[in-house]
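Below is one structure; the comments refer to it alone.
Just so it is clear, none of the values below were taken in a lab; they were calculated from the coordinates. Quick caveat, the model's predicted, so the values are computed rather than measured. Cβ: placed from backbone, ideal geometry, glycine included. Neighbour counts: every protein chain shown.
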């Protein structure tokens, strides 16, 4: 730390004072950043942005029970075919094809209201949250489209496209073993009822056409075998994340975060499920990867704070709500540079050989705030 006052005959003190001034402002009122959302968003189960699927539009709305129309007071970005969710709105309701952008506040619906509509209504690209447990789907073939991209064709058409963009997918049992990968960054880029196209983080080389095998997606870590200790370090990010720049190793970060999370599950029997909600620090590094943003990627460096929740599940399906509050956490990174702080989740069977699966995670009100303080 520089001395005050700086003497004319103290060149080292002058250098330290100048460096301290150039390293950024000090005190408690600068370098504040934050993010907050109240609209529900479903976890995608993705390794890259976007990590959640938030509404494409939101508006205060009114509508009568039994009517097939609502009046919206902030109708920006409403489009035909969007799925509508809110109090009094029937499940599976969409914006009807008769919607006229010239009168945007009047929104016709495909299903009549189940009750009075008097609050916020959200408009989504897809119906319901992403499925975080897509059971194995049999494959007919695997064809390489370019060095990183593969087209998998299902052995039989599916009732609806099973995967959504940005989901992680895992192939197994394909006749050409090099196709049997964990496709994550970005993962799924397109899906229909007959095919799914995925991209790998690393080049695949040149591969012949493969046959057979399966493809699936799951976000829940399987239970350890009896007597086997496993360490799983993969977390799925929420949309609560902020980049933070440190100019000196003497900088300190004050960070706080909150998260409401509704977890839906399916279980074959009585099993214990662990949900880890963590605040993690990631460090940046330069990359030429095709999917990176601004030429940077981040890798996990440290868990700054953690809250563990254990639920005993019975055979069948259900859901529960977790409220997490990381009050005020002070963190010091190991060196100056650009870091990413995010709230992330892990779903994990802790019963031996447990196979419960989280099917969706819908985030409610949530926030994160950061402040760098120079000491």
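Quick check: the distance between the Cα centres of region 297-375 and region 149-179, to the nearest angstrom? Answer, in whole Å: 29. A simple packing score, the average count of other Cβ atoms within 10 Å per residue, orders the peptides 127-134, 309-316, 102-109, 241-248 as 127-134, 241-248, 102-109, 309-316, with the highest score first.
On a 0 to 90° scale, report how tilted helix 11-22 is relative to the longest principal axis of the chain, with both axes built from alpha carbons and the result rounded to the nearest 10. Here the helix axis deviates by roughly 30 degrees.
The mean of 1/r over all pairs of different alpha-carbon atoms in region 67-134, once inverted, gives a Kirkwood hydrodynamic radius of 12.2 Å.
For the chain, the relative contact order comes to 20 percent (Cα pairs under 8 Å, sequence separation of at least 6).
Under the simplified labelling scheme, the residue 320-residue 151 pair shows an inter-label distance of 4.5 nm, with each label point 7 Å from Cα along Cα→Cβ. Largest first, the extents of the alpha carbon coordinates of region 39-154 on the three principal axes equal 51, 28, 25 Å. Relative to the current alpha-carbon distance between residue 248 and residue 49, full extension at 0.36 nm per residue lengthens the span by 68.8 nm. Along its first, second and third principal axes, ordered by size, region 133-218 spans 33, 23, 19 Å in Cα coordinates. Along its three principal directions, the equivalent ellipsoid of the chain from the Cα gyration tensor extends over semi-axes of 40, 30, 22 Å, largest first. Here the peptides 80-89, 263-272 are ranked by packing, the mean other Cβ count within 10 Å, and the order with the highest first is 80-89, 263-272. Packing-based ranking of 200-210, 64-74 yields 64-74, 200-210, ordered from highest to lowest mean Cβ neighbour count within 10 Å. Applying 1/(1 + (r/R0)^6) with R0 = 25 Å to the Cβ-Cβ distance of residue 80 and residue 119 gives a FRET efficiency near 0.60.
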